[in-house]
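K.L.:
For reference, the structure I am asking about is given below.
The values are calculated or read from the model by the stated rules, or taken from the named source; none is laboratory data. Owing to the predicted nature of the structure, the values given are computational and were not obtained by experimental measurement. Glycine gets a Cβ as well: all are built from the backbone with ideal geometry, and neighbour counts include every protein chain shown. Accessible surface is based on the protein model in full, side chains and every heavy atom, while ligands, DNA and RNA are left aside. Shrake-Rupley method; radii C 1.70, N 1.55, O 1.52, S 1.80 Å.
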Amino acid sequence: MRSQRRARSRRSGPAVLVAGFLGGYCAGNMAAALSRARSPQRKGRGVDSRRIVHSASDAILSVDEDATILLANPAAAQMFNSSVSAMQGNRLSRFIQPPSPEAHTPFDFFPAGGGRAGRRATDYAVTGIRAGGQLFPVEGSISSVEHEGRLVFTVILRDVSERHLVQQKLARSHDQLRQLSSALQSIREEERTHIARELHDDLGQLLASLRMDLTLLTRVDQLPDDSVRLIAGMETNLLTAITSLRRIATNLRPRALDEGGLYFALQGLRDEFVERHGIGCTLLADEAELRLDDAASTAVFRIVQEALTNIARHAGAQNVLLNLYRTNGELLVTIQDDGRGIRAEDMEKAQSLGLVGMRERVWAMQGDITIAGDEPPGTRIDIVLPLSGHVV
């Protein structure tokens, strides 16, 4: 009687292992196969189950509690450049890199909360080991079934080497685009600085010289009345031209940014914004905390300038608050208005180049930016910029 029980146990063992496979592999078109597997004929069920596992495109392993491979399908052997017979009876650590020396059970190779990835919540990112010792990225899942008081584990693995290569290429392209954007911004800023200086130093001095000549001309005695009126009109036009020239040069590159620093440049920007748009603007900042190098000063100034431009064009606000202060080696910038508030879809528009430029400047300094319009009224922009190496 006892020998008959052992014989039945040996006959049922492979069927239970195959059932363990199917427990972890059931999905989609497997339902029909499982319905056939439930037929009364035990022999037919085992054959169908083995055939399903044998023909599966994913690598499937059956592992015991000691992380020893009991069964492997041909897809698994092909993935690891091995054979089914060579894998069966071998340790799981021979083909999957353990996350730590303490990994003994199959679940230890798929630690919860570590390396989770893939299409499903049960997928984990692990590292496979081919027969030649080559490491490659693998996406796997694990499940278990109990048989005669012992657990049998089903491990399903997918080679994601090509996906990782694509992701690495995308990451490199993304980094290159970031570097290109930063380089273009630097070139643009240099060109702005050069043009602003040329306008101020050359054209500005020429206009100032012409105005002095006109002033001297008005002191000549016995000028005809028509000439006096003509000179007065010319002087008025010259004053208008000088004012426009200063405004254009300041928009290109404010001299206060080079001569006085970020604090005075922001003051001038605030005053020009209030005068031009009639929107109240409060600047909360300390001059001593805004003594930064040229790169950081320019980035912060352009970010605030772009934010104020967007507020004037789209927000319909009445008041704006600019708050800048340093803490723990970081500069915190808050720009808040009481307008209509930005919508989530507006931030994702391809035409929102102003927001894109702000983000690029922040990311170029390894900072973080948050734009939210869900705290009515208005929109709030919070920026955190690390100042290591930027403080003067």
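K.L.:
Compute the length gained on full extension between PHE107 and LEU283: take 0.36 nm times their separation in residues and subtract their Cα-Cα distance, giving the result in nm to one decimal.
P.N.:
That pair, PHE107 and LEU283, stretches by 57.6 nm at full extension.
K.L.:
Shifting gears a bit: Given charges of +1 on the Cβ of Lys and Arg and -1 on the Cβ of Asp and Glu, with all other atoms neutral, how large is the dipole of region 260-391 about its Cα centre, in debye to the nearest 20?
P.N.:
It works out to roughly 220 debye.
K.L.:
For region 228-293, which trypsin sites (Lys or Arg not before Pro) pass both filters: DSSP loop (anything but H, G, I, E, B) and at most 16 other C-beta atoms within 10 Å?
P.N.:
Passing sites in region 228-293 are ARG291.
K.L.:
I need the peptides 140-152, 171-183, 61-73 ranked by packing, meaning the mean over residues of other C-beta atoms within 10 angstrom, with the highest value on top.
P.N.:
The packing order, highest mean first, is 61-73, 140-152, 171-183.
K.L.:
Here is a follow-up. Divide, for region 170-306, the radius of gyration over alpha carbons by 2.2 N^0.38 Å, where N is the residue count.
P.N.:
1.46
K.L.:
Could you give the nm distance between label points at HIS194 and SER244, where each point is 7 Å from its Cα heading toward the beta carbon?
P.N.:
Simple spin-label model gives 2.5 nm for this pair.
K.L.:
Which of the three applies to region 247-294, rounded, prolate or oblate, going by the alpha-carbon gyration tensor with a ≥ b ≥ c and a/c under 1.5 meaning rounded?
P.N.:
Oblate.
K.L.:
Something else: Just to verify a number: what accessible area does THR250 come out at with the full protein assembly present, 1.4 Å probe, Å² rounded to tens?
P.N.:
Near enough 70 Å² of accessible area.
K.L.:
Could you give me D for region 260-391, from Stokes-Einstein at 10 °C and 1.306 mPa s, where the hydrodynamic radius is the Kirkwood radius over C-alpha pairs? Units µm² s⁻¹, please.
P.N.:
Diffusion coefficient, whole number: 107 µm²/s.
K.L.:
Per-residue accessible area for ARG50 at 1.4 Å probe radius, Å² rounded to 10?
P.N.:
Here the residue's solvent-accessible area equals roughly 110 Å².
K.L.:
Calculate, for SER83 and LEU177, the FRET efficiency according to 1/(1 + (r/R0)^6) with r their C-beta to C-beta distance and R0 35 Å; round to the nearest 0.05.
P.N.:
About 0.15, to the nearest 0.05.
K.L.:
At a Förster radius of 56 Å, what calculated FRET efficiency corresponds to the Cβ-Cβ distance of PHE136 and HIS314, to the nearest 0.05?
P.N.:
About 0.65, to the nearest 0.05.
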